[in-house]
Amino acid sequence: MKKKFKTLFFVKSSLISLYLALTIPIPFISIEELKIISIIGFVLGITLIVNITSDYVEISNDKIFYKTTFISNMIGYKSWEINWKDIKLIKSSPTSQGSKVFYFITFGGQAFLVPQRIENIEDFYSLILDRTGLQIEGFKYISPMWTYKLLTLISLFMVIGEIISFSV
């Protein structure tokens, strides 16, 4: 049995739409000599954002895998895998924004960040509970969904405004 959990759509859409909102004007306002470079930079940037938001978690009967893309790996986000039997505990740690992040702690003392920005987080939690027998008190998305949705909406309004202002 293998189950795959992709990055949450609203996390991905908020980052991509924010990138677009902040960078769409650059080719329009850059001087003529830099237009080609700004367009190339824009395309490379969107490729980077789409790529780094394509990481995913895969769960099998024996292991949990966090799989990153080639570009994510190049900038420091490493793939990892843990055998379920090697997980000693799940430790929580508060964030400065008032939420909690969680770590799988192995019997060898290694710590692996538990992904909290993935689709079907309730199914993910149930599989963790089923495979490890360890409860995770307060496990939920790292940020409330409305924050991602609001950021996406505001960014889309910015993009629409930019398109309208540059097309007039």
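The values are calculated or read from the model by the stated rules, or taken from the named source; none is laboratory data. This is a predicted model, so every value here is computed, not measured. Methodologically, a virtual Cβ is constructed for each residue, glycine included, from the backbone with ideal geometry; neighbour enumeration extends over all protein chains shown.
Filtered by the rule that a residue be part of a helix (DSSP H, G or I) and closer than 20 Å to K4 by Cα, the range 130-148 gives D130, R131, T132.
Looking at D123, is it free of Cβ contacts under 8 Å to residues at least 12 places away in the same chain and charged (D, E, K, R)? The answer is no for D123.
Assess whether L18 counts as being surrounded by 15 or more Cβ atoms within 10 Å (Cβ to Cβ) and under 25 Å from S72 (Cβ atoms). Judged against the criteria, L18 is a match.
Specify the residue that is nearest to T7 (Cα to Cα); the eligible residues are those in the range 25-37 that are of a type in the set (A, V, I, L, M) and at pLDDT 90 or above. Break it down stepwise before answering.
Within the range 25-37, the first condition is being of a type in the set (A, V, I, L, M), and the residues that meet it are 26, 29, 31, 34, 36-37.
Okay, now just the ones that are also at pLDDT 90 or above, so 26, 31, 34, 36-37.
On the way: I26: 28, I31: 37, L34: 34, I36: 32, I37: 31 Å.
Here the residue is I26.
Looking only at the range 76-109, filter to residues that are aromatic (F, W, Y) and within 19 Å of the chain's Cα centre (by Cα); which one of those is nearest to I128 (Cα to Cα)?
Once the filter is applied, the top-ranked residue is F104.
Scan the range 112-129 for residues that are under 19 Å from the mean Cα position of the chain (by Cα) and of a type in the set (A, V, I, L, M) and report the count. Walk me through it before giving the result.
Going residue by residue through the range 112-129, those that are under 19 Å from the mean Cα position of the chain (by Cα) are 112-125.
Next cut, of a type in the set (A, V, I, L, M) only: 113-114, 118, 121.
Going through the range 112-129 one residue at a time, the tally reaches 4.
Being surrounded by 14 or more Cβ atoms within 10 Å (Cβ to Cβ), farther than 30 Å from M1 by Cα and of a type in the set (A, V, I, L, M) holds for only one residue in I40, I59, I105, I49, and it is I49.
Counting only residues that are of a type in the set (D, E) and in a loop (DSSP other than H, G, I, E, B), how many does the range 97-129 have?
Here is the first cut: in the range 97-129, the ones of a type in the set (D, E) are 119, 122-123.
From what's left, in a loop (DSSP other than H, G, I, E, B): 119.
Residues flagged as of a type in the set (D, E) and in a loop (DSSP other than H, G, I, E, B) within the range 97-129 amount to 1.
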